[in-house]
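Here is the structure we will look at, set down as structure tokens.
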Amino acid sequence: MNDDHLFRLILFAGFVIFMPIGIYHRLKARTGEKLDRRQEGMFILIALRLVGLAGTAGLIAYLINPTYMAWAAVPLPVWLRWTGVGFALIAGLLLVWMFRTLGGNLTDTVVTRKQHTLVTTGPYRWVRHPLYSSAALAIVGNSLVAANWFFFVAGCLAFLLLVIRTRKEEQNLVARFGDDYRNYMQRTGRFVPRL
């Protein structure tokens with residue numbers, strides 16, 4: 001078995017393990033409540049989903065047959081690809097921890113639910129947006145494991161859109177939780193813990 005085949009199997013295993021966990025928690029958090037996704041702004045709403053779709057389609061194409069994505073391959077040393085495995089594993093574990101901590105508050109947009117609560121435990125004790133932190137780690141990790149610049153570029157674009165969207169998300173959280181959220185912002189980092 002060559003290195004490329006091994007790393008493809010590792011990515012496949014990560015996909016098979018962590019994708020169903022994410023789907024499960026998203027389905028579990030559904031309430032039937034209509035959320036106004038337009039609050040993100042139409043550009044962010046459309047661009048984020050298109051970039052995410054392109055990145056996911058590229059990853060699936062790579063998992064089916066790496067030659068489909070060979071046009072974006074980058075020669076990387078094996079040690080750097082193993083570093084990517086470590087980043088991706090940390091991202092997956094952080095994601096699971098975040099899902100378990102957030103529970104029914106999980107949404108795919110900037111809008112809070114009617115029964116939304118302020119979560120400040122688990123990974124939220126240190127950062128306000130651990131989902132985005134885990135996404136950043138996964139982007140770097142998966143790009144290194146696959147040795148593919150397209151995954152990195154698509155992931156960085158998606159992350160940039162999430163960063164922009166965060167401003168509206170935090171405005172909504174301040175409107176909902178007032179001084180409790182303002183105080184929470186003072187003691188935690190947005191994506192990385194405060195020193």
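The values are calculated or read from the model by the stated rules, or taken from the named source; none is laboratory data. Quick caveat, the model's predicted, so the values are computed rather than measured. Backbone-built Cβ (ideal geometry, glycine too); neighbour counts: all protein chains shown.
Annotations for the structure displayed:
- Yes/no for Gly86 being surrounded by 20 or more Cβ atoms within 10 Å (Cβ to Cβ) and either hydroxyl-bearing (Ser, Thr, Tyr) or in a helix (DSSP H, G or I) (or both): no
- Filtered residue count, region 162-195, keeping only those that are over 22 Å from Gly141 (Cα atoms), outside any helix (DSSP H, G or I) and touching a helix residue (DSSP H, G or I) at 6+ places or on another chain (Cβ under 8 Å): 2
- The numbered conditions (1) assigned to a helix (DSSP H, G or I); (2) in contact with a Gly (Cβ under 9 Å, 6 or more places away or on another chain); (3) loosely packed, with under 13 Cβ neighbours inside 10 Å are all true for Thr31 except (1).
- Filtered by the rule that a residue be among the hydroxyl-bearing types (Ser, Thr, Tyr), closer than 13 Å to Gly141 by Cα and touching a Phe, Trp or Tyr at 6+ places or on another chain (Cβ under 9 Å), region 79-120 gives no residues.
- Only one entry in Phe152, Phe159 is in contact with a Ser or Thr (Cβ under 6 Å, 6 or more places away or on another chain) and either outside any loop (DSSP other than H, G, I, E, B) or crowded, with 21+ Cβ neighbours inside 10 Å (or both), namely Phe152.
- In summary, Trp79 fulfils each of the numbered conditions (1) in a helix (DSSP H, G or I); (2) over 21 Å from Phe159 (Cβ atoms); (3) at pLDDT below 95 with the single exception of condition (3).
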